[in-house]
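Here is the structure we will look at, set down as structure tokens.
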Amino acid sequence: MAEFVGIDPRGAHELIRRMEAGKAYVSATRPGLETAIAEAEQDWAGRQGTTALHRAWVLFHDSQQDLRWRIDTIEQLVPVRERGMLSATFPFTAEHEARLAAESAAHAILAAEREGEREGGDVAAAVAAVEGEVRDPAYATALLSTLGIETFTRLLEGHGGPLAQAYASAERTGRLGDAWHELVATAPAGALTALVTGAEQSGTVLNRVATTLLNRPQDTGWSPGDLLRPYAGNPLAFQQLLAEHPREARALLSAATADPAAAQALATALHEALKPGVGADGLRERAWATVIGTPGGRTAAEGG
């Protein structure tokens, strides 16, 4: 059941901080109250003892959890560059509802894969069915967790869009465990390119994928355009790659200048990452140094 939500993330974060202070006060007060009750014994006039304090703590805690989920979800549904009140229609009315739906959807995908062609299992349809929900980070995280890393990686190549978006939603909101970050180091090139071309990933993920692929010189399962097109939409990440990973960046630029199909993506990515005002001045200067030091780099940069 969908729900229309309006929320100011900055104000909600401030409310979360205030509730955390309230929890700290309740936690600090409770031991003293318990001691006073124990000392008073039958003379204690209260009825519920510390129960009310515990309930207040739980109220704060549960409200914080719900607010965090709502903030994370709305920032996946609308551009986070906007400030003030954001509004969107949520796929689910509560985090637990999103998790349950995701687990059900993941089991449907797993069942379709098991059935395969033998019994007409339609994996594509089962994956496509989650497309409208994967921007909810709680849903995305539960979906990935139920599928498991091995199945997720295997399905990425053929069904990248919704699954790549699920990864992006969970990763951007800090819900992925270490193993999910580490899959980048071992996943095949086709899965990695599907991950970054199927959805807008964070700069951290883009650079992990890029450095991984660029350090596999014998791997021909990807093209320069596979990386440069996502970078065209994330100039700060590309600037960071150029500045902080010069060896890998030069390998990418050299491969791209030799590939006519990557020309437009290369020009756009360079233009967006190196134009004045983008990123920190020092980082941008180091990025320029990498480009100029690449064979053909000056021409490519000027063309951007």
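All of the numbers you see were taken from the coordinates with simple rules; none came from a lab. Bear in mind that the values here come from a model prediction, so they are computed numbers and not experimental data.
Quick look at the numbers
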read-out: Rounded to whole Hz, the Karplus (6.51, -1.76, 1.60) HN-Hα couplings of the stretch 109-116, x for glycine and proline; value: 5, 4, 5, 5, 5, 5, 5, x
read-out: Option label - P(r) over Cα pairs in 20 Å bins from 0, in percent computed here, alternatives (i) 28, 45, 21, 5, 0; (ii) 31, 52, 15, 1; (iii) 33, 59, 9; value: (i)
read-out: Karplus (6.51, -1.76, 1.60) ³J(HN,Hα), θ = phi - 60°, over the stretch 266-277, in Hz, Gly and Pro reported as x; value: 5, 4, 5, 4, 5, 4, 5, 7, 10, 5, x, x
read-out: Most mobile listed residue (ARG208, ARG30, ARG99) in the chain, GNM with C-alpha springs under 10 Å; value: ARG30
read-out: Other-chain or far-sequence residues with amide H under 5 Å of THR50's (modelled H); value: none
read-out: HN-Hα J in Hz across the stretch 20-36 - Karplus 6.51, -1.76, 1.60, θ = phi - 60°, x for Gly and Pro; value: 5, 5, x, 4, 5, 5, 4, 5, 6, 7, 4, x, x, 5, 4, 5, 4
read-out: GNM flexibility winner over the chain from ARG17, ARG70, ARG284 (Cα, springs under 10 Å); value: ARG17
read-out: Cut-off under 5 Å, modelled amide H: who pairs with LEU86 long-range; value: ILE7, ASP8
read-out: Helix axis angle, 189-198 relative to the chain longest principal axis, alpha carbon, degrees; value: 70 degrees
read-out: Whole-Å distance, taken between Cα centres, linking the stretch 140-200 and the stretch 242-290; value: 26 Å
